[in-house]
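> Quick one: this structure, given as structure tokens, is what I'll be asking you about.
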Amino acid sequence: MNDNNCVLACVTVQKGCAELIRKGRALAQEMDVPLRVLHVSQAKNILGSPDSAAILNELFSLAHEADAEMNILYEENVAAAIARYARECGASVLVLGPDRSGTAGRVRALLPDEVKIVND
């Protein structure tokens with residue numbers, strides 16, 4: 001396994017994000033690198049609703065099953081937090097959900113061109 005890079009799946013607290021972990025796992029296995037999972041929350045209390053807690057728990061379980069480390073960061077600037085974490089863990093591929101808010105574009109601007117961003 002090559003520890004110099006990884007695949008980073010970035011998730012939100014939505015059921016559909018389980019697919020991002022699955023896609024990240026497949027890419028990581030294909031590349032023979034570790035998978036990491038990241039959630040960036042702008043709110044200090046991401047467990048405000050029972051649904052959020054259940055979904056986050058499901059995502060943690062799925063990450064564990066995928067042999068992936070999952071982290072949560074609390075930051076106002078989501079794109080900057082993702083880019084910083086990606087640099088710190090040596091991510092060569094980022095798996096992001098649909099880019100309705102423009103986050104992927106902002107992350108792209110903060111990372112070297114060789115880092116591949118996969119939008120699902």
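The values are calculated or read from the model by the stated rules, or taken from the named source; none is laboratory data. Bear in mind that the values here come from a model prediction, so they are computed numbers and not experimental data. Quick reminder, even Gly has a Cβ in these numbers, built from the backbone with ideal geometry, and neighbours come from all protein chains shown. What goes into the accessible areas is simple: the full protein's heavy atoms, side chains included, and nothing from ligands, DNA or RNA. Shrake-Rupley method; radii C 1.70, N 1.55, O 1.52, S 1.80 Å.
> Counting residues in the range 65-111 as N, plug N into 2.2 N^0.38 Å and put the Cα Rg over that result.
Here the answer is 1.17, to two decimals.
> Can you list the residues, at least 5 places off or on another chain, whose amide H is less than 5 Å from the amide H of TYR74, using H built in the peptide plane?
Distant-sequence amide H within range of TYR74: SER41.
> Still on this structure: Enter the Cα centre distance for the pair the range 21-42 and the range 52-109, rounded to the nearest angstrom.
9 Å
> Roughly how many nanometres apart are two label points built 7 Å out from the Cα toward the Cβ at ALA53 and ALA80?
It is 3.2 nm.
> Take the Cα atoms of the range 26-88, find their three principal axes, and give me the spread along each one in whole Å, biggest first.
Its Cα atoms span 37, 26, 12 Å along the three principal axes.
> Next up: Any idea what the dipole of the chain comes to, in debye rounded to 20, about its Cα centre with Lys/Arg Cβ at +1 and Asp/Glu Cβ at -1? Don't jump to the answer; show the numbers that get you there.
Values: 12 positive and 16 negative charges, 66 e Å.
Once rounded to the nearest 20, the dipole reads 320 debye.
> Determine the share of the chain's accessible area contributed by carbon and sulfur atoms, expressed in whole percent, with a 1.4 angstrom probe. Each step should come with its number before you reach the end.
Working: 3170 of 6590 Å².
Answer for the chain: carbon and sulfur cover 48 percent of the accessible area.
> Here's a follow-up. Compute the Cα gyration tensor for the chain, then decide on rounded, prolate or oblate, letting a ≥ b ≥ c be the square roots of its eigenvalues: rounded whenever a/c is under 1.5, prolate when a/b is larger than b/c in the other cases, and oblate in all that remain.
oblate
> To continue, here is another question. For the chain, what is the accessible area per residue in Å² when the probe is 1.4 Å?
55 Å²
> Check VAL95: other-chain or 5+ apart residues with amide H under 5 Å from its amide H, H built from backbone geometry?
Distant-sequence amide H within range of VAL95: LEU8, ALA9, CYS10, VAL118.
> Within the chain, which whole H helices from DSSP have a Cα span along their axis of at least 15 Å and a mean Kyte-Doolittle hydropathy of 0.5 or more, if any?
78-89
> If you don't mind, another one. Can you tell me, using C-alpha contacts under 8 Å and at least 6 residues apart, the relative contact order of the chain as a whole percent? Each step should come with its number before you reach the end.
Details: 204 pairs, mean separation 37.2, N = 120.
The normalised contact order for the chain reaches 31 percent.
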